[in-house]
Amino acid sequence: MHKTFIFLFIIVISLPAKLIEQQKNTYIKAGFLYDSKSNTLLKNKLIQIQGTKIISISEFESLPENSQVIDLKEYTVLPGLIDAHTHVLFYQEPNEDFAEHSVKSLTMESDALRALRGANRAKSYLEEGITSIKDLGNSGLYLDVALRDAINEGTIDGPRIFASGPILAANGGQVYGVLPKHQNIIDLEYRIITNPEDAKNAVREHVNQNVDLIKICADNIPNNTYLTIDEIKSIVKTAHSYNLKVTAHSVTNQSAWNAIEAGVDGIEHGFNLADSTLLKMAEKQIFLVPTENSKSYMYTYAKLANYKENELDWIDNYIDRMKKRLDRAIKIGVPIVAGSDNYTDIKTSSGKSSKDMYRYYLEAGMKPLDILQSSTYISAFQLGRENEIGYIQPKSNADIIAVKGDIINDFISTLENVVFIMKDGNIYKNEND
Ligand SMILES: [Zn+2]
């Protein structure tokens, strides 16, 4: 009885203050505002923010008197950027082997240490204006979900995370060379699918752990195993019944074809996609996340990985092949979603390293605004979240950044020069202060 009274008393005292807080408006004056849906730059716009949400977009003249204003008239204001392919709980040295590093991490790195390291990496994305990430596995048993929840509850700062949980894969996952008697180690990182019925259960397990989407390995290269069309169909059907999207890691053209036949929503990497596969993707509007790196990144990587100077011809060939593949995909009409797949320590922060994808897309011939759209509106749309993120519009989350420079003619350095970062209405950086 006594306790109830105190509880009610606290509610009565604290409620008015909370209401006042919620009604407080903040206004941003944007010199240029990027409209990510129409893919255009608008001049002199006023953004009204209340709490965690955007309320309205209007002209400077509609600013009420005595309101709280953030002056970004000198800058270009963008929706918070989205990296649609990250692995914040996995990081290896350039000269390390993926499988060996995976085994080492799973047997010698505690979940606590892995999560703390992941938290630090995640934060570095937010610091670069990447306010949302799709984290696609290699994150132990749901450490990505834990990290997401810790960020959402305000325990730590970081980007909005869309977590996939363990990748659904055929025997062995992507970790080659592990003996049969040690396959239980693989179960700590992948959800191994044994048949279509098991595939259904795997998705249900993920649903109960509150994942945001499903990631599969259509092929397991360098392992030779792959999911069958029937297994992928079962995954897709179950995931879609719970309103979850499915995206497929795919290196070979055949595995992408299988995944597309089975109804996945997206293809990650797709290094070897044939025109016939790209046509099918365009027809079904299945997105492609090209996870390539720029030329300068590749040289930095090769140096750190101890390649010899005269052994670097493959870089030019690789860049050329990937550029042609991206060209073909765009010409055929495949939706392009920006994603870095950055998990190699090239001696800079994860967030900074992630932004190398923009340099690659530019080198490959994409136009600056098209790149921005792939990293905002199209990315959000393909995740089914275009009403929440990736677009500065009424009712969306207040994830807003500002960059300094000429975004059309000096794209890369402008995108690197982030002067203002807001996520969920909270300001994480404001160089105007
Ligand atoms: Zn990846």
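Worth a mention:
- Residue match in region 292-308 (condition: within 14 Å of the ligand (Cβ to nearest atom), out of contact with any Ser or Thr (no Cβ under 9 Å at 6 or more places or on another chain), under 22 Å from Ile371 (Cβ atoms) and open to solvent by less than 10 Å² (accessible area, probe 1.4 Å)): yes
- Only listed residue being assigned by TED's automatic domain parsing to the domain that holds Ser250, in contact with a strand residue (DSSP E or B) (Cβ under 7 Å, 6 or more places away or on another chain) and either within 14 Å of Gly137 (Cα to Cα) or open to solvent by 10 Å² or more (accessible area, probe 1.4 Å) (or both), chosen from Ile221, Ile216, Ile185: Ile216
- Condition check for Thr107: more than 16 Å from the ligand (Cβ to nearest atom) and within 30 Å of Ile221 (Cβ to Cβ): yes
- Just one of the listed residues (His101, His85) is within 16 Å of the ligand (Cβ to nearest atom) and part of a helix (DSSP H, G or I), namely His101.
- Subset tally (residues that are open to solvent by 30 Å² or more (accessible area, probe 1.4 Å) and either acidic (Asp, Glu) or outside the structural domain of Ser349 (by TED's automatic domain parsing) (or both)) for region 102-136: 3
- Single match in Asp111, Asp35 (criterion: in contact with a helix residue (DSSP H, G or I) (Cβ under 8 Å, 6 or more places away or on another chain) and modelled with pLDDT of 95 or more): Asp111
- Residues that are small (Gly, Ala, Ser), assigned to a helix (DSSP H, G or I) and more than 19 Å from Asp135 (Cβ to Cβ) within region 173-223 comprise just one, Ala199.
- Residues of region 341-368 that turn out to be more than 16 Å from the ligand (Cβ to nearest atom), in contact (Cβ under 8 Å) with a residue 60 or more places away in the chain and of a type in the set (Ser, Thr, Tyr), as a count: 2
- Filter pass, Gly172 being small (Gly, Ala, Ser) and within 30 Å of Lys423 (Cα to Cα): no
- Filter pass, Ile229 being surrounded by 15 or more Cβ atoms within 10 Å (Cβ to Cβ), within 16 Å of the ligand (Cβ to nearest atom) and over 30 Å from Pro79 (Cβ atoms): no
- When Ala218 is tested against (1) in contact with a Phe, Trp or Tyr (Cβ under 7 Å, 6 or more places away or on another chain); (2) within 25 Å of Ser110 (Cβ to Cβ), exactly one condition is not met: (2).
- Residue list for region 367-395, filter: open to solvent by 20 Å² or more (accessible area, probe 1.4 Å) and of a type in the set (Val, Ile, Thr): Ile378
- Test: Ser139 is open to solvent by less than 70 Å² (accessible area, probe 1.4 Å) and assigned by TED's automatic domain parsing to the domain that holds Leu89: yes
- Here Ala364, Ala398 are screened, and the one residue that is modelled with pLDDT under 95 and open to solvent by less than 30 Å² (accessible area, probe 1.4 Å) is Ala364.
- Checked against (1) modelled with pLDDT of 95 or more; (2) at positive phi, Ile330 meets all criteria but (2).
- In the set Tyr391, Tyr361, only one residue is outside any strand (DSSP E or B) and more than 21 Å from Arg160 (Cα to Cα); that residue is Tyr361.
- Only residues that are away from the ligand (no atom under 12 Å from the Cβ) and touching a Gly at 6+ places or on another chain (Cβ under 8 Å) were counted in region 249-276, giving 1.
- Ser56 meets each of the listed conditions (1) open to solvent by 60 Å² or more (accessible area, probe 1.4 Å); (2) touching a Pro at 6+ places or on another chain (Cβ under 7 Å) apart from (1).
The values are calculated or read from the model by the stated rules, or taken from the named source; none is laboratory data. Please read all numbers here as calculations on a predicted model, not as lab measurements. With ideal geometry, Cβ positions are generated from the backbone for all residues, glycine too; neighbour counts draw on all protein chains shown. The protein model used for the area step is the full one, side chains on, heavy atoms only, and it has no ligands, DNA or RNA in it. Shrake-Rupley method; radii C 1.70, N 1.55, O 1.52, S 1.80 Å.
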